[in-house]
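Okay, so here's the structure we're looking at.
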Amino acid sequence: MPSVRPATRLAAAAALAALPAAAVAGPFTATEMMRLKRLSEPQVSPDGTRVVFVQTEVDLAANAKQSDLWMVPVAGGEPRRLTGSPVSESRPRWSPDGRRIAFVAPSDGKPQIHLLDLAGGEPQAATAFAGGVSSVSWIDDGRLLVRAEVFPACGADDACNGERLEALERPSSARAYDSLLYRHWDTWEDGRREHLFAVTLADGQATDLTPGPDEVPPFSLGGPDGFAVSPDGQEVCFSRKEEKTAAWSTNGDVWVVPSAGGQPRRVAHGPGDEGGCQYSPDGRLLAWRMQERDGYESDRWQLLVMDRASGDVRNLTAGFDRQVDSFTFAPDSRTLYLTAEDQGQGRVFTVPVSGGAVTRVLEGGSFGDLSVLPGGKTIVATHTTFTQPTEIVRLGADGRAVARVTRVNDATLAPFRLRPGESVTYAGAGGQEVQAWVVKPPGFDPAKKYPLVVLIHGGPQGAWSNGWSYRWNPQAYAAAGYVVFMPNPTGSIGWGQAFTDAIRGDWGGKVYEDIMKGTDYAESLPYVDATRTVAAGASFGGYMVDWIAGHTDRFRALVTHDGVFDVVSMYGSTEELWFPEWDLEGTYWTNAETYARWNPRAFVTSFKTPTLVVHGERDYRVPVEQGLAMFTALQRQGVPSRLLVFPDENHWVLKPANSVRWHEEVLGWLDRWSRKEPRP
């Protein structure tokens, strides 16, 4: 029988979500969500007493976001703004002596490194790269490690880079390519690559530490940095993939190079991806994440440590059947703290560097950005739940005594009385237990009947986790009067690698059955009106909506956002080919049977459900033609449908006004059909 259980929380973690009593406000809409302050990139000072972080605020009228640097004592207190210029600042990093903060901000139209002296004065630009920079770390008090995009033939020659950038502004707008990748995520390639540079502050001299045609570190949508500096400042580690195979291979390696420049040396060379390197505080060890299988971006991330003197490597998480998301060393270099997606929560674990059991120390919501303070007794982290956007917390190294350091959104959210997610389980395909989240409307009355919205996550190797989102936030649907059901079906991360792997070659199989049985379960809840069920999803969730459209008419309405409609044409126009080649077990000419079997396009004659199709024109992962083809198939057959296109968005809808419009359109479409009289 299906079971219902509250989302597991330690008492201390539960207290984090407590909000002061306040009068109930109107519904929590996308417009209200834009009022929230978005915290990111917390960095603890070398002495462990202060945290600098980025706070982003939205100006909806200007359709803009403004990011500034703020600082707060680790002990708690009122945050203090450090920067307030009209441009946005990001990537703050403390100098080793704790006197200055380096950060990225525009200068003359290009992002450059700036330095803020905490003793006083205005920030000063420290770099002037022709193409700008993207990130920074400190090598020592007199040198910076800077990531900048340059032409490989130019390297650190800024005049050369400037001339080549000017040459790109030629009268003809044509682009010509001789190999893959010719575009990536939302950008067409122009010949530049990210390299790491050592920049001397005294004279601005830059040394290219990673020359050549490869991107350093490789493109990533998340996860740890792909580079780090040794404690003595003498060495830099980084990850790198070979450019010639970047479109179909995930194989990346860890390298080291002297910070003064020299020949890089590869220290990790496995068949899969390796990256996210970090040095231990005592400098003896180098740690990184590793995947065993090439071409599989969702293979299990494992944590390795290498003795730098002997070169001996130890796998610390070989028996830990979860993905290592991020990690950090304790100050004594004897323990590593890590975060991992675990059954719908972003939990914190520890493991000795000498090897041993991986031990859970903290749960309840999602934690990240771990920093262990000097002395090793206190951790600073970020924390988020379904009811709380990211805030900074501190806690004991044993997971106890959790306390909030920031409370920047409490007053704004208090009147809405958002309800936490409830974790439920039900029997899915083959009797396999499947977990899902249920979020109820504010002011929920168990005697009433509510329409149901089923939200389908992307990936497909992803998960709905107990955390806040500004894109697919269940609170916006719950506040609109829906019971929200968020299943984590076959292919989801956090229930062991075998469960994640099981979707390969089976895109419309077990995962579809899991979602249908989950919908059965949700519709059986006494407060759900089973005649008014709708569904929505993006990316692979959009693929699944397209698949659902051809296999059932049980839903009153559907929303497909950046979904895959035709797996064959998708293969020919996407950029990272390892996605279809892994998940569909080859190319469409070497495995035509699998592509044909799981192609939504083959089932268009069964389309009957009113469907909203949403797509971004700058989405090169799932190109816009996929959405256009879905809409055409619906329209040509007379199925009620609507097309919503964002010319200036990629795979995600990020601009404030576009986000509000997206929510209005999606909820308006669902309301239009779910509020009508039930079908006979």
*Difference of contour (0.36 nm per residue) and Cα-Cα distance, A602 to R360*: 82.5 nm
*Could you quote the convex hull projected area for the chain, Cα atoms only and averaged over all directions, in nm²?*
30.0 nm²
*Kindly flag which residue pairs out of K37/K517; K37/K377; K440/K676; K244/K510 have an alpha-carbon separation exceeding 31 Å in this structure.*
K37/K517; K244/K510
_For D553, project a label point 7 Å along Cα to C-beta. Then give me every residue of region 584-613 with its amide nitrogen under 11 Å of that point._
606-610
*Taking square-rooted eigenvalues a ≥ b ≥ c of the alpha carbon gyration tensor, is region 568-680 rounded, prolate or oblate, where a/c under 1.5 means rounded and, failing that, a/b exceeding b/c means prolate?*
oblate
*Express in whole angstrom the spacing between the alpha-carbon centres of region 467-525 and region 575-621.*
19 Å
*Under 1.5 on a/c is rounded, so check that first for region 176-307, then, if it is not, pick prolate when a/b is larger than b/c and oblate when it is not; a ≥ b ≥ c are the square roots of the alpha carbon gyration tensor eigenvalues.*
oblate
*Put a dot 7 Å past each Cα toward the Cβ at W589 and K448; how far apart are the dots in nm?*
5.8 nm
*Mean separation of Cα contacts under 8 Å (6+ apart) over length of region 43-113, as relative contact order %*: 25 percent
_What distance in nm separates the two pseudo spin-label positions at R170 and R35, each 7 Å out from Cα along the beta-carbon direction?_
5.3 nm
*For the chain, which whole percent of the accessible surface, found with a 1.4 angstrom probe, sits on carbon and sulfur atoms?*
50 percent
*Under a 1.4 Å probe, what is the accessible area of region 539-628 per residue, stated in Å²?*
32 Å²
_What does the extension gain come out to for D232 and Q263, with contour length at 0.36 nm per residue minus their alpha carbon separation?_
9.3 nm
*For the chain, what is the charge dipole size about the Cα centre, in debye to the nearest 20, if Lys and Arg each add +1 at the Cβ and Asp and Glu each add -1 at the Cβ?*
2300 debye
*What distance in nm separates the simple spin-label points at D332 and A62, each placed 7 Å from Cα in the Cβ direction?*
5.0 nm
*Averaged per residue, what accessible surface does region 164-285 expose to a 1.4 Å probe, in Å²?*
49 Å²
*For an R0 of 51 angstrom, estimate the FRET efficiency from the Cβ-Cβ distance between Q205 and E433 and round to the nearest 0.05.*
0.30
*Using a/c under 1.5 as the rounded threshold, could you call region 381-457 rounded, prolate or oblate? The axes a ≥ b ≥ c are square roots of the C-alpha gyration tensor eigenvalues, and prolate needs a/b larger than b/c, oblate otherwise.*
oblate
*Just need the relative contact order of the chain here, percent rounded to a whole number, with Cα pairs under 8 Å and 6+ apart.*
11 percent
*Between D312 and A530, take the C-beta separation as r, use R0 = 56 Å, and let me know the FRET efficiency to the nearest 0.05.*
0.40
_Charge-dipole axis of region 606-666 as Lys and Arg at +1 and Asp and Glu at -1 on Cβ define it, positive-most pick from P623, S606, V660_ = S606
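Please calculate how many Å² of accessible area region 306-389 carries per residue, with a 1.4 Å probe and no DNA, RNA or ligand atoms counted.
35 Å²
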*Please name which of M290, N315, Q343 has its Cα lying farthest along the dipole of region 285-375 towards the positive end, using unit charges on Cβ (Lys, Arg +1; Asp, Glu -1) and the Cα centre as origin.*
N315
_Restricting to DSSP H runs of at least four residues, report the calculated mean residue ellipticity at 222 nm for the chain, -39500 (n - 2.57) per run over all residues, nearest 500 deg cm²/dmol._
-4500 deg cm²/dmol
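For region 566-680, give the magnitude of the charge dipole about the Cα centre (Cβ charges: +1 Lys/Arg, -1 Asp/Glu; no others), in debye to the nearest 20.
It comes to approximately 740 debye.
The values are calculated or read from the model by the stated rules, or taken from the named source; none is laboratory data. Computed from a predicted model, the values in this text were never measured in an experiment. Please note: Cβ atoms are built from the backbone with ideal geometry, for glycine as well, and neighbour counts cover all protein chains shown. What goes into the accessible areas is simple: the full protein's heavy atoms, side chains included, and nothing from ligands, DNA or RNA. Shrake-Rupley method; radii C 1.70, N 1.55, O 1.52, S 1.80 Å.
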